[in-house]
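Enquirer: Mind having a look at this structure? Questions to follow.
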Amino acid sequence: MLKENLESVEERIQAACDRAGRKREEVTLIAVSKTKPVSMLQEAYDLGVRIFGENKVQEIRDKYEALPKDIEWHMIGHLQTNKVKYIVDKVKLIHSVDSLKLAETIEKEAEKHNCTADILLEVNVAEEESKFGLKTEEVLPLYDEIRQYSHINVRGLMTIAPFVDNPEKNRTIFADLHKLYVDIKEKNIDNDTVSILSMGMTNDYEVAIEEGATMVRIGTGIFGARDYSV
């Protein structure tokens, strides 16, 4: 199942890139492995997957110890300040920074661990009450504050779009985030660290790619439906 799912996702990413006139290498696939057992991640690894996204700190810690060390781990879920210390030196990218308080904690812990943390600012473009993230107008002011830190690199933006029956309904959300991303890149003209736009999940990643996503986070499309009882 995993092999076929990965092949299907790959074909659809390529087709979306073709429609948008983009190169396939412009889009990074993150296999979202939250709640999935180590054995399933190992199977994906054996099929060539090297980038995994997790929602919970404890899962990253456990899986980090159990799986090969050339895996690139991404923290894509809400991150509490008191848990930053457990993963700051283990993850390649934190997708979900949405406050100055969290950024300050990441800065302190990265300094303690003698590392630099790459982060994305999470934007709640649709302003859904049930979701974390900055309002669009809060992004540039926070970016200006965080960019002064010496142990954090702001690499770009992330959003979790609403779950919709028709992916086209999310096109304007992805387009709006892309505009904001371009604004930040222009502010950062002398420095090319801002290069990531993480948007699009199993339900809508093709539209996200057409609107400029450089990372898509796909769980169900690769691993099948999650078991929420575990």
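Enquirer: Of all residues in the stretch 130-172, which are of a type in the set (A, V, I, L, M, F, W, C) and under 14 Å from residue 203 (Cα atoms)?
Expert: 160, 161, 163, 164
Enquirer: Considering only residues that are part of a loop (DSSP other than H, G, I, E, B) and aromatic (Phe, Trp, Tyr), look in the stretch 133-164 and name the one that is nearest to residue 98 (Cα to Cα).
Expert: The residue in question is 149.
Enquirer: Please indicate, with yes or no, whether at least one residue in the stretch 78-88 is aromatic (Phe, Trp, Tyr), surrounded by fewer than 20 Cβ atoms within 10 Å (Cβ to Cβ) and either within 26 Å of residue 176 (Cβ to Cβ) or in contact with a His (Cβ under 8 Å, 6 or more places away or on another chain) (or both).
Expert: No, the conditions are met nowhere in the stretch 78-88.
Enquirer: Of the residues 89, 70, only one is touching a Cys at 6+ places or on another chain (Cβ under 6 Å) and farther than 20 Å from residue 160 by Cβ; which?
Expert: Of 89, 70, the one residue that is touching a Cys at 6+ places or on another chain (Cβ under 6 Å) and farther than 20 Å from residue 160 by Cβ is 89.
Enquirer: Restricting to the stretch 122-145, count the residues that are at positive phi and surrounded by fewer than 16 Cβ atoms within 10 Å (Cβ to Cβ).
Expert: Number of matching residues: 1.
Enquirer: Taking the condition in contact with a helix residue (DSSP H, G or I) (Cβ under 8 Å, 6 or more places away or on another chain), under 15 Å from residue 53 (Cβ atoms) and assigned to a loop (DSSP other than H, G, I, E, B), does residue 200 pass?
Expert: Criteria met by residue 200.
Enquirer: Return the residue satisfying two criteria in turn: it lies in the stretch 154-168 and is at pLDDT 95 or above and surrounded by fewer than 17 Cβ atoms within 10 Å (Cβ to Cβ), and of such residues it is nearest to residue 196 (Cα to Cα).
Expert: Among residues in the stretch 154-168 that are at pLDDT 95 or above and surrounded by fewer than 17 Cβ atoms within 10 Å (Cβ to Cβ), the one nearest to residue 196 (Cα to Cα) is 168.
The values are calculated or read from the model by the stated rules, or taken from the named source; none is laboratory data. Keep in mind that this is a model prediction, so the values were computed, not measured. All Cβ positions, glycine included, derive from the backbone under ideal geometry; neighbour counts span all protein chains shown.
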